There are 2 protein chains.
Amino acid sequence: MRCGIDVGGTTVKIGFIDNYKIVDSYSIPTVKDTLFDDVFKSIKEYCLKNSINLEAIGMGIPGNVRNNIIVKMPNIKLENVDLNNISKKYFPNITIKASNDANCAALGETLVDKDKVKSSYFITLGTGVGGGYVYDGKVVDGVNAACGEVGHMFIDHIHNFKCGCGLTGCLETVTSATGIVRLAKHYYKEFNTTIPSDMTAKDVFDKAKEKDPLGVFVLEMVSEYLARALSNIATVVDVECFYIGGGVSKCGNILTDCIKKYYDKYAFYAVKNTEIKLAKLGNDAGMIGAAYL
Amino acid sequence: MRCGIDVGGTTVKIGFIDNYKIVDSYSIPTVKDTLFDDVFKSIKEYCLKNSINLEAIGMGIPGNVRNNIIVKMPNIKLENVDLNNISKKYFPNITIKASNDANCAALGETLVDKDKVKSSYFITLGTGVGGGYVYDGKVVDGVNAACGEVGHMFIDHIHNFKCGCGLTGCLETVTSATGIVRLAKHYYKEFNTTIPSDMTAKDVFDKAKEKDPLGVFVLEMVSEYLARALSNIATVVDVECFYIGGGVSKCGNILTDCIKKYYDKYAFYAVKNTEIKLAKLGNDAGMIGAAYL
């Protein structure tokens with residue numbers, strides 16, 4: 001049995017995984033000061049109670065991880081955490097593996113793919129845009145633990161919206177949940193329509209499903225930007241497939257179908273056949289991937 | 001001793017390499033029908049004559065290579081060549097390794113870098129623009145053998161010149177030797193100057209060194225496009241350093257310094273410190289890299 005942990009800002013999800021499937025899982029609250037002691041202690045107790053002999057423990061972190069050391073977790077405001085230093089009290093015989101949460105999700109999706117994928121690039125469309133690169137069945141962290149930061153690829157020269165990172169025109173500014181709403185708010189007047197002030201990305205794509213002109217327009221634009229980004233990524237790493245995940249991807253095939261249309265137009269001929277798939281595991285991807293780091 | 005081979009359209013360069021240095025090398029003509037028999041026969045004879053016991057043979061190919069099988073060499077018009085099928089007559093105990101020539105150059109530059117680099121991205125600026133990705137000290141070919149095809153990353157939305165690949169706005173259209181001349185021809189009238197019809201990329205950058213306004217303008221533009229491309233690549237793979245090679249790079253630090261200026265402006269903060277270096281090995285990089293595939 002393996003243990004995969006997905007650390008979030010409010011809760012930590014802990015899963016017990018066998019043969020790429022979650023056998024059991026539960027959550028504990030994220031308490032900054034005792035975070036990792038809480039996690040390891042809880043796992044230890046669970047294992048004792050259920051007579052589980054763990055072979056591996058892995059952790060997905062919302063931040064930068066290098067060589068299993070947490071460099072920075074901006075949202076939880078922790079940095080330079082040596083996980084194995086904490087875990088040795090609880091699991092002296094297991095080396096804890098850790099990586100960025102998007103990387104873990106990338107690995108999770110890759111491992112459960114029935115097509116026996118070895119190399120893939122995962123894009124997660126949430127509040128921000130993140131990503132993860134799996135090569136030869138393993139996560140690539142990158143030298144600055146910044147591999148997968150494709151949300152900050154320059155892709156939009158038309159609006160050049162300012163990004164949270166300080167740059168302009170980043171993929172994230174036009175394809176994150178926030179970016180999708182931003183585009184709808186930017187264009188709705190041209191469609192002689194109104195939009196609610198609390199509109200979400202889901203609302204925009206629901207409108208697209210109903211063939212509402214503004215909804216369709218934004219869906220096409222978002223898909224075109226994503227296709228440009230995937231075409232660029234394909235020339236850099238030439239992976240077997242792309243996974244599209246995160247909250248925005250819950251709209252389903254309407255998004256991946258539209259991305260495919262533009263990818264076919266913009267991709268270099270040698271990488272035109274790279275598959276674009278919807279991520280399947282949802283919130284479980286991080287735990288499953290972490291367990292196999 | 002290792003043997004590194006760099007297959008070109010007119011000659012094949014054969015190098016004998018020890019401890020990352022070329023001990024001896026020579027060339028033979030590229031004859032399509034007997035190409036690889038010529039190569040292996042020649043190496044065999046050389047080794048017998050000089051009492052050399054080879055431990056490895058590697059080959060850089062101007063085309064697509066997957067699992068040591070040549071998928072396509074467009075310029076030499078050969079495809080589906082199983083090198084080991086040919087070599088076994090001459091070297092039954094050695095498995096021939098092969099990869100794309102830009103990948104071999106990437107590996108060569110990485111191996112001789114005094115900074116003990118393990119991951120890098122190499123960009124070669126010649127007639128076209130190619131590249132190679134080295135991860136964990138090894139070449140990444142990609143599933144379609146298209147890893148490194150960053151010359152076909154979409155980067156220029158201003159001119160949108162048509163590329164040889166059929167797309168428009170590719171990096172190659174504005175930063176290859178041909179692309180540099182294309183930009184000079186596009187803009188010279190705005191500088192109230194004339195240019196010779198047989199002008200080369202070297203001429204343009206020589207003018208930049210003399211502070212000629214058109215030369216400086218084109219150098220800045222080319223560097224800005226390259227910096228945009230490197231910034232994008234850095235978010236995808238987060239390597240330790242970039243190497244700039246190929247004929248165009250012979251102009252020296254004037255190019256890398258100008259790229260660095262724009263890279264500092266456009267790179268995502270986490271990858272801002274990625275080094276940008278001039279390739280050092282020139283034409284030897286392919287042979288050295290091939291020997292260590």
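Read-outs: derived from the displayed coordinates by stated rules, not from any lab. Note that this is a predicted model, so its numbers are computed, not measured. Backbone-built Cβ (ideal geometry, glycine too); neighbour counts: all protein chains shown.
Taking trypsin sites (Lys or Arg not before Pro) in DSSP loop states with no more than 13 other Cβ atoms inside 10 Å as exposed sites, chain A has its longest site-free stretch at A:117-210.
Counting every other Cβ atom within 10 Å of each residue's Cβ, B:87, A:42 order from fewest to most as A:42, B:87.
For chain A, the Kirkwood radius over C-alpha pairs fed into Stokes-Einstein at 4 °C and 1.567 mPa s yields D = 65 µm² per second.
Inter-chain Cβ neighbour count for A:260-270, averaged per residue, equals 4 (cutoff 10 Å, partner chain atoms only). In the distance distribution for region A:1-67, Cα-Cα pairs more than 14 Å apart total 57 percent.
Extending 7 Å from Cα along the Cβ direction at residue A:44 and again at residue A:264 yields two label points whose distance is 5.7 nm.
Relative to the longest principal axis of the Cα atoms of chain A, the long axis of helix A:213-237 makes an angle of roughly 60 degrees.
Net charge near residue A:293: determine it from the other residues with C-beta under 11 Å of the C-beta of residue A:293, scoring Lys and Arg +1 and Asp and Glu -1. Neighbour charge sum, excluding residue A:293 itself: +2. Here region A:134-215 is described by how far its Cα atoms reach on the three principal axes: 48, 28, 21 Å, from widest to narrowest.
Principal-axis analysis of the Cα atoms of chain B puts helix B:35-49 at an angle of about 60° to the longest axis. For region A:116-280, just list the percent of Cα-Cα distances falling in each 10 Å bin from zero outward, please. Reading the bins upward from 0: 11, 41, 35, 11, 2, 0. Pairs from the list A:116/B:88; B:49/B:88; A:138/A:277; B:13/B:41 with a Cα-Cα gap above 24 Å: A:116/B:88.
With only the Cα atoms considered, the protein assembly as shown has a convex hull volume of 174 Å³ per residue. The ranking of B:263, B:133, B:90 from fewest to most other beta carbons within 10 Å of each one's beta carbon is B:90, B:263, B:133. What separates the residue B:24 label point from its copies, with the point 7 Å along Cα to Cβ, is 7.0 nm, written shortest first. What's the angle, to the nearest 10 degrees (0 to 90), between helix B:253-266's Cα axis and the longest principal axis of chain B? In chain B, helix B:253-266 runs at an angle near 70 degrees to the longest axis.
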